[in-house]
1. What pairs can you find where one residue is in the range A:1-20 and more than 15 Å from A:Ser52 (Cα to Cα) and assigned to a strand (DSSP E or B), the other is more than 16 Å from ligand 2 (Cβ to nearest atom) and of a type in the set (A, V, I, L, M), and their Cβ atoms are less than 8 Å apart, with a gap of 6+ or different chains?
2. Count, please, the residues in the range A:27-43 that happen to be away from ligand 3 (no atom under 16 Å from the Cβ) and either hydrophobic (A, V, I, L, M, F, W, C) or open to solvent by less than 40 Å² (accessible area, probe 1.4 Å) (or both).
3. Of everything in the range B:10-37 that's at pLDDT below 75 and open to solvent by less than 30 Å² (accessible area, probe 1.4 Å), which residue is nearest to B:Val62 (Cα to Cα)?
4. Listed residues A:Ser46, A:Ser52; which is of a type in the set (S, T, N, Q), open to solvent by less than 10 Å² (accessible area, probe 1.4 Å), outside any helix (DSSP H, G or I) and closer than 13 Å to A:Ile212 by Cβ?
5. Could we say that B:Ala261 is in contact with a Leu (Cβ under 9 Å, 6 or more places away or on another chain), among the hydrophobic types (A, V, I, L, M, F, W, C) and away from chain A (no Cβ under 14 Å) here?
6. Scanning the range A:220-232 for residues that are within 16 Å of ligand 3 (Cβ to nearest atom) and out of contact with any Gly (no Cβ under 7 Å at 6 or more places or on another chain), which turns out farthest from the other protein chains (Cβ to nearest Cβ)?
7. Being outside any helix (DSSP H, G or I) and β-branched (Val, Ile, Thr) is the requirement here; does B:Thr41 meet it?
8. Residues that are open to solvent by 10 Å² or more (accessible area, probe 1.4 Å) and touching a residue at least 60 places away in the same chain (Cβ under 8 Å): which strands (runs of 3 or more DSSP E) entirely in the range A:165-256 hold 1 or more of them?
Amino acid sequence: MTEPLLNVRNLKLDIPVASGTLHAVRGIDFDLKRGETLCIVGESGSGKSLTSLALMGLLGKRIVRKADQMTFDGTELTTMSAKELRKLRGGRMSMIFQEPMTSLNPAYTIGDQLMEALLLHKPVGREAARARAIELLEKVGITAAESRLGQYPHQLSGGLRQRVMIAMALMCGPELIIADEPTTALDVTIQAQILRLLVDLIREMNMAMILITHDLGVVARVADKVAVMYAGELVETGPAADIFAKPCHPYTRGLLRCIPLPGKTERGSELGTIPGIVPSLVGEVSGCVFRTRCDYAADACRNAIPRHTEGAHTFRCIHPDGMRHAEEVPA
Amino acid sequence: MLQFILKRLMLAAIVALTVSFISFSLMFLSGDPAAALAGETASGEDIEAIRTLYGFDRPMLVQYWEWLGSALTGDLGQSYYFKLPVASLIADRLGVTMTLGLCGITFALLTAVPLGVAAAIRPNSFIDRLSLFMSVAGQAMPSFWFGLILIVVFSIKFGMLPPSGASTWKHFIMPTIVLGYYAMPAIMRLTRAGMLDVLSSDYIRTARAKGASEVRVLFKHGLRNAIIPVVSLAAVQMGFMLGGSIVVESIFALHGAGFLAWESIGRNDLPTVQALILVFAMFYIVFTFLADVLNAWLDPRMRSS
Ligand SMILES: Nc1ncnc2c1ncn2[C@@H]1O[C@H](COP(=O)(O)OP(=O)(O)OP(=O)(O)O)[C@@H](O)[C@H]1O
Ligand code: SF4
Ligand SMILES: [Mg+2]
């Protein structure tokens, strides 16, 4: 087996808040091989953005990050010097953010900002950087690329800005792209278009990607692996085919209420919604975090929860099959 | 950009024209100019004679038009007190005021902007508290009092700096500090607030995600955006300093235009006061215009609006 490109073990993120410590992410594990796509799904506030920012080393100063292991291509990220980390960021791993409208600097032309991404990492001249910027703008489907270089962000629509952000993330030909809900802020009509573009480019350039999305159709089509996040934990992870065919954790099944199948799920179908409230993550958190909303919760759910593993597919529940049988889901 | 400059230039011209008219009207608002000119002992006939001689009996707009014409050619009338052309009188004094104003704003910017940036990088740190203390003190302390303290310490106690006059650069040190210190608090608070706001913005995160160094993030991506409102503020303060240096000029006996204004008001020297108001207002307009252009250069969004 080849060494994974990204390997995360027991990642924890704590945020000091007025009423104590918010345990926003609590001991999550995942890994990713070169060229693979991992989709992280989960409802708002479950810690998806924090996790991706933690990988990039872009968390705010107040947030405390701890991990047993967090390696990129074999090098530990948590103990890396600021300078080494800067070389990775934008060079070998880059990120596309949720907010295209505000993620570009209003004071500089998009040409400047695109070229900066390359010039910071590669020993090339401005002419070469310019050529690369034009090449990538064309790749992300922007017409009249050359004349766009002199434009400022405010002259571009949200969709165009996100295309520019994608081009910027690709400037150095990174090995890993983290795309945090790259289309949520965009007009519904162009969401699918931009996502498809991103996915095609990732395939073409053979990059690994962590894609955070709410669009189950996209997950079904592009994910090699799926990680289901709930209230700061990965309640279920595994190969995409397994997760769709045999979702075990009750939360995952809630999300996939209509049991979408790869290729059959309609594009744009949203995650299912589950009634109930998410518990507070301030102070000690013990037992299963889903028990306030779970139909199968029992007293034992307050204690430590066993992990069930079958190959690469793993989930955490007191019930060995997460009460799958009770729902009569066809295997 | 050119279009933007032309638009602003036109706007500045309109404002200048309005201001000149107001400044001209002052002469009429402040009483009968003929009577003022004739003196207290003059008879009614004398006043009438002067009125016709100076043309005060003609319609106001006609007089304004004539006054504007001569003002544009550099003729601002005769000082009642000095019996000299006001234009040359002001030109003589303007050098001191301009020097003081430029030194003052430079001093203010050079101290306030770095302090504001430092305070924003580390909010609630020692440097943040120090700068807050300085700005509160700056706002609370009257200029004349601060000036006197400096004179007592540096001129009288240590004999390091001359207390009054304008003959060497040393004469300008204390006035610069007093005048600049007055402008500092606002610039510092605005820089701090702007930097704090900008540093928490998404594009700063993007810059970090690209692998930009911290210095590059702070200055190229951060300060460049945070400084935009500071430019406008500094321009307003610069205009204010030129006209408002009266107190500082009096403390340090710098005989600049501010001091002249103060004297002329006391002497009822209307043409001089009128011309000074006009000159100060023009400077104000010019600085605001320059700030607008600088802002447009810094902020591409402004160019298109
Ligand atoms: N700087 C912060 N200070 C306090 N709480 C924070 C901070 N950043 C994030 N959180 C909290 O951490 C939790 C996880 O946030 P995160 O942004 O990772 O969610 P998410 O899964 O990306 O949600 P969404 O789908 O809405 O983007 C949320 O409850 C949020 O309120
Ligand atoms: S551990 Fe208990 S509460 Fe949690 S998912 Fe399983 S049955 Fe539900
Ligand atoms: Mg998010």
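The values are calculated or read from the model by the stated rules, or taken from the named source; none is laboratory data. As the structure is a computational prediction, the values presented were derived from the model and not from experiment. All Cβ positions, even for glycine, are placed from backbone atoms using ideal geometry, and neighbour counts span all protein chains on display. Areas reflect the complete protein model, heavy atoms only, side chains present, ligands, DNA and RNA absent. Shrake-Rupley method; radii C 1.70, N 1.55, O 1.52, S 1.80 Å.
1. A:Ile15/A:Leu22; A:Ile15/A:Ala24; A:Ile15/A:Ile63; A:Ile15/A:Val64; A:Pro16/A:Leu22; A:Pro16/A:Val64; A:Val17/A:Val282; A:Gly20/A:Val282
2. Of all residues in the range A:27-43, those away from ligand 3 (no atom under 16 Å from the Cβ) come to A:27, A:29-37.
Subset that is either hydrophobic (A, V, I, L, M, F, W, C) or open to solvent by less than 40 Å² (accessible area, probe 1.4 Å) (or both): A:27, A:30, A:32, A:35-37.
Result for the range A:27-43: 6.
3. Residue satisfying both the conditions and the ranking: B:Met27.
4. None of the other options fit; the residue is A:Ser46.
5. Working: in contact with a Leu (Cβ under 9 Å, 6 or more places away or on another chain): yes; among the hydrophobic types (A, V, I, L, M, F, W, C): yes; away from chain A (no Cβ under 14 Å): yes.
Yes, satisfied.
6. Of all residues in the range A:220-232, those within 16 Å of ligand 3 (Cβ to nearest atom) come to A:227-232.
After this cut, where a residue has to be out of contact with any Gly (no Cβ under 7 Å at 6 or more places or on another chain) as well, the list is A:227, A:231.
Values: A:Ala227: 22, A:Ala231: 24 Å.
Out of the qualifying residues, it is A:Ala231.
7. On the way: outside any helix (DSSP H, G or I): yes; β-branched (Val, Ile, Thr): yes.
It is true that B:Thr41 is outside any helix (DSSP H, G or I) and β-branched (Val, Ile, Thr).
8. In the range A:165-256, A:225-230, A:233-239 are the strands (runs of 3 or more DSSP E) which contain 1 or more residues that are open to solvent by 10 Å² or more (accessible area, probe 1.4 Å) and touching a residue at least 60 places away in the same chain (Cβ under 8 Å).
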